[in-house]
Amino acid sequence: MHRLLNPTAKNTPDDQVLKDLLFVNASQVVTCAGPARSRKGREMREAGILKNAAIAVSDGRIAMIGAAPDLMNAYSSAEVVDCRGGVLTPGLVDSHTHAVFGKPRFEEQELRAEGLDYMEIATRGGGIHASVRDFRERSEDELYDLAVPRIRELASYGTTTLEIKSGYGLSVEDELKALRVIGRLAARQPMRIIATWMGAHEIPHDYRTSHERRSAYIDLLVEQMLPQVVAQGIARFADVFCEPGVFTIDEARRILEAAREAGLGQKIHADELKPAGGAELAASLNAASADHLAAISEKGIAALAKSDTVATLLPGTMLFLGKSKQAPARALIDAGAAVALASDFNPGTSPTVNFPLMLTLGVSQLRMSLAEVLTAATVNGAAALGFAGETGQIAPGFAADLALFAIGDVRELPYWYGARLCVGSWKAGAPCHPYENVGKLNPRSPEVVPTG
Ligand SMILES: [Zn+2]
């Protein structure tokens, strides 16, 4: 297997001693329990919904699941968390974001509404190059300070594991700066944060002038940036934007093979606009995930279904861009692929911190079932990050990464779309989005009788 580098070794911000916890009075517990790997095809139909289950957490891990009185006996000194009729799920795993950036690009939304396409917006100085210019001017401290409230907002919707990509630096110095910011967030913020190096997010302007300059950038990525990223141990994955006009299949293969050789896992932005063969490349490399896939071909679907590569779909991006064509989630699942959902949180094409909204879009736009969106947002997201044995399930031995929602039935999670229903979350038993363990929840459906 790959030698995976993990900058997120510490479990809690200040290594405090973790209290044993006992979660009681949840109306439902969604476990997503099963083998420590992705759920493929039909396996996604089972989310494991329990009623009247309590959960004991010891040393930051799920210790026992069972009836509250039994667990009360076994864990008599544990701190009781009264879920007051809410729904507990595994902490949500957002496996694709670009959450470290400078200024947002809200001015582009109206230009798109006027009919300008990506190239026209880029010609006016917008698009990803605008984010790159802005990013390069900012200090590490500034970027960190801008990211912190965004991380807290992401957490407030139930996300406890977050992948963040670099890719607005596009120079050795600025990509290392981005990854250092992500490392600081991982060490100091109460969320599980995984860093991906994406120096291959775009070809910088000054390398677009000739074919030679273009190859010089690929050389820079492989020969200079990658070795420094690996030497500093600041990324777990490498990602490439493989799309006509950005990186070709051959360039993506060269970069990802070099990354694999150097010990990084591989991810790819593939087949978003045109079926260029990115999904097939990901499957042939046994990459951790192939992401976007709105334009994936039949061959690409078949290749992913046969592989262990997770198909990560980003329905918020297509929604925000006003595209009618969403990724073929049904065809992927029916063919036997493992599908994950992610927010793609970024300043240009998906400025949302609301991960449960992706579950809504999963059901209403991608025609996925409730169980499929739940497994896509937890266990399959974890598999896309190489964490399938650690998070994404409520099962003995797994990290106590949990999210509590103020609903009485998990079907309400995609139903009340756009609402912030998360009232608390935990990463390895430590507060991620702090829960006020007092008073009453305000469940939205009348059948729910709060017990507190
Ligand atoms: Zn992306």
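Contact map, region 272-286: residues that are in contact (Cβ under 8 Å) with a residue 12 or more places away in the chain paired with residues that are surrounded by fewer than 24 Cβ atoms within 10 Å (Cβ to Cβ) and of a type in the set (Ser, Thr, Tyr), Cβ distance under 7 Å, separation 6+ or inter-chain. Pairs shown: PRO275/SER297; ALA283/SER307; ASN286/SER307. The set of residues from region 166-206 being among the charged types (D, E, K, R), outside any loop (DSSP other than H, G, I, E, B) and within 16 Å of the ligand (Cβ to nearest atom) comprises just one member, GLU175. Of the conditions (1) within 16 Å of the ligand (Cβ to nearest atom); (2) in contact (Cβ under 8 Å) with a residue 40 or more places away in the chain; (3) closer than 28 Å to VAL363 by Cβ, ALA305 clears all except one; give me its number. So ALA305 meets the others, but not (1).
Mind listing whichever residues of region 256-312 are crowded, with 24+ Cβ neighbours inside 10 Å and among the basic types (Lys, Arg)? Hit for region 256-312 is LYS267, nothing else.
Could you tell me which of the residues LEU357, LEU366 is touching a helix residue (DSSP H, G or I) at 6+ places or on another chain (Cβ under 9 Å), of a type outside the set (Ser, Thr, Tyr), away from the ligand (no atom under 16 Å from the Cβ) and within 30 Å of ASP134 (Cα to Cα)?
LEU357
Select from region 66-104 the residues that are surrounded by 20 or more Cβ atoms within 10 Å (Cβ to Cβ), within 16 Å of the ligand (Cβ to nearest atom) and assigned to a loop (DSSP other than H, G, I, E, B) and list them in ascending order. The answer is SER95, HIS96, THR97, HIS98, ALA99, VAL100, PHE101.
Across region 179-219, the qualifying residues are those that are out of contact with any strand residue (DSSP E or B) (no Cβ under 8 Å at 6 or more places or on another chain) and touching a residue at least 40 places away in the same chain (Cβ under 8 Å), and the one among them that is nearest to TRP426 (Cα to Cα) is GLN189. Candidates are the residues of region 223-260 that are small (Gly, Ala, Ser) and under 17 Å from HIS211 (Cα atoms); the one that is farthest from the chain's Cα centre (by Cα) is GLY245. Of all residues in region 320-332 being touching a helix residue (DSSP H, G or I) at 6+ places or on another chain (Cβ under 6 Å) and of a type in the set (A, V, I, L, M, F, W, C), which is surrounded by the fewest Cβ atoms within 10 Å (Cβ to Cβ)? Step by step, filter region 320-332, then rank; the result is ALA331. Close Cβ contacts (under 8 Å, 6 or more residues apart or on different chains) running from residues in region 41-56 that are of a type in the set (S, T, N, Q) to residues that are buried (at least 16 other Cβ atoms within 10 Å of the Cβ) comprise ASN52/ALA68. The residues in region 116-150 that are crowded, with 19+ Cβ neighbours inside 10 Å, of a type in the set (Val, Ile, Thr) and out of contact with any Leu (no Cβ under 6 Å at 6 or more places or on another chain) can be counted, and the count is 1. The condition (being in a loop (DSSP other than H, G, I, E, B), at pLDDT 95 or above, away from the ligand (no atom under 16 Å from the Cβ) and within 22 Å of GLU43 (Cβ to Cβ)) is satisfied by just one residue among ALA331, ALA327, ALA337: ALA337.
A quick yes/no check of all residues on (1) modelled with pLDDT of 95 or more; (2) part of a loop (DSSP other than H, G, I, E, B):
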site: GLU120; (1), (2): no, no
site: GLY125; (1), (2): no, yes
site: ALA130; (1), (2): yes, no
site: ASP145; (1), (2): yes, no
site: VAL148; (1), (2): yes, no
site: THR161; (1), (2): yes, no
site: ILE164; (1), (2): yes, no
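In region 268-324, of all residues being of a type in the set (Lys, Arg) and modelled with pLDDT of 95 or more, the one that is farthest from ALA200 (Cα to Cα) corresponds to LYS306.
The values are calculated or read from the model by the stated rules, or taken from the named source; none is laboratory data. Worth saying up front: this structure is predicted, and the values here are computed from it rather than measured. Cβ: placed from backbone, ideal geometry, glycine included. Neighbour counts: every protein chain shown.
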